[in-house]
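Shown next, in structure tokens, is the structure this report addresses.
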Amino acid sequence: MANTSFTAPSERDIFYFRTRCRNRFYQAVVAYFALQAQEKGLTQAELAKLLGKDAAQINRWLSGPGNWTLDTISDLLLAMNAELDEPHVISFDEERSDARSATNAQFFDRSASATAASSAGRLEILRTGT
Amino acid sequence: MYLFEDLFEAMQDPSLRGAQLQRFAELEATLAEFVTSRNLDPQYVFLLTPTKDGIWEIRSARPEPQIRVFGFFADRDAFVATNYEFRSTLGEYNSKEWQFAMARAKSIWRRLFEPLLPRYESDPKLLITGAIDGKYFLYRS
């Protein structure tokens with residue numbers, strides 16, 4: 001019997017989660033580069049030299065994940081003497097804490113004209129008060 | 001991350017199809033990154049001039065067409081996105097269209113929160129937990 005707990009993703013969700021996935025890899029690699037730059041003085045020029053690439057190419061890679069492939073991630077991390085740990089996959093049924101979800105509710109409490117309402121746990125919508 | 005209703009409704013418009021649906025879904029993912037990502041890269045958000053207005057833009061640069069989202073920090077880690085424009089409609093920086101978009105951002109803020117003011121800081125690290133220092137990403141050809 002087919003497992004009915006799975007549903008086909010919507011077209012919107014497919015596009016949304018592709019970008020989200022790409023952005024997560026990007027933020028992780030860029031954060032690691034910044035850490036190595038801070039702690040060991042690594043520069044983009046040095047990274048370019050290690051990979052035999054043009055410095056402009058490295059700058060483009062570190063400026064956004066638009067043209068990244070899985071190979072890009074591997075190459076950048078390898079040049080920094082690193083690799084991804086076993087990626088952790090989570091179910092949407094699991095609770096997760098968002099990095100910046102603890103926003104200052106007091107600010108909105110003080111505002112007489114705006115209300116904030118949760119929207120699907122992703123972003124919050126502001127409406128003018130009635 | 002808080003979105004003014006016009007922006008939220010534009011992203012969630014059920015009549016969107018094809019490339020438009022894809023582009024706005026990607027924009028939503030970019031905005032949601034502010035909420036979920038432990039770190040934020042230095043290309044994510046920029047303070048616009050005049051800096052005294054405290055208007056920031058989030059750049060959703062890829063894929064084309066590029067979109068700019070305007071907004072303010074109500075507090076640390078609390079970004080209020082007020083309005084958006086396609087980059088192509090804004091023209092050169094400081095154009096009439098840019099000024100109109102920034103004036104609209106200020107108008108929405110006032111409508112929502114007056115007399116409260118946004119946070120005025122020029123350093124993203126003071127406004128965003130986990131903001132990555134941009135000094136490591138400077139590039140001169």
Check: If A:LEU42 passes every condition in (1) facing chain B (nearest Cβ under 10 Å); (2) surrounded by fewer than 17 Cβ atoms within 10 Å (Cβ to Cβ); (3) modelled with pLDDT of 95 or more but one, which one does it miss?
Finding: (2)
Notebook entry, point to check: Quick one: in region A:50-97, which of the residues that are out of contact with any Phe, Trp or Tyr (no Cβ under 8 Å at 6 or more places or on another chain) and of a type in the set (Ser, Thr, Tyr) is farthest from the other protein chains (Cβ to nearest Cβ)?
Noted result: A:SER74
Notebook entry, point to check: Does region B:70-83 include one or more residues that are open to solvent by 50 Å² or more (accessible area, probe 1.4 Å) and within 22 Å of A:SER63 (Cβ to Cβ)?
Noted result: no
Next item on the list: Say whether the condition of being on the phi > 0 side of the Ramachandran plot and either among the aromatic types (Phe, Trp, Tyr) or more than 24 Å from the chain's Cα centre (by Cα) (or both) is met by at least one residue in region A:15-31.
Entry: no
Next item on the list: Confirm whether A:LEU47 is within 11 Å of chain B (Cβ to nearest Cβ), open to solvent by less than 100 Å² (accessible area, probe 1.4 Å), part of a loop (DSSP other than H, G, I, E, B) and at pLDDT 80 or above.
Entry: no
Check: Identify, please: which residue in region B:38-64 is more than 22 Å from B:TYR136 (Cα to Cα) and modelled with pLDDT of 90 or more and is, among those, nearest to the chain's Cα centre (by Cα)?
Finding: B:ILE55
Next item on the list: Examine region B:29-37 for a residue that is more than 11 Å from chain A (Cβ to nearest Cβ), under 12 Å from the mean Cα position of the chain (by Cα), surrounded by 14 or more Cβ atoms within 10 Å (Cβ to Cβ) and within 21 Å of B:THR129 (Cα to Cα), and state whether such a residue exists.
Entry: no
Notebook entry, point to check: Within the bounds of region B:110-123, is there any residue that is touching a residue at least 12 places away in the same chain (Cβ under 8 Å), open to solvent by 60 Å² or more (accessible area, probe 1.4 Å) and assigned to a helix (DSSP H, G or I)?
Noted result: no
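The values are calculated or read from the model by the stated rules, or taken from the named source; none is laboratory data. This structure is a prediction, so every number in the text was calculated from the model and none was measured. Please note: Cβ atoms are built from the backbone with ideal geometry, for glycine as well, and neighbour counts cover all protein chains shown. Please note that ligands, DNA and RNA were not included when accessible areas were found on the heavy atoms of the full protein model with its side chains. Shrake-Rupley method; radii C 1.70, N 1.55, O 1.52, S 1.80 Å.
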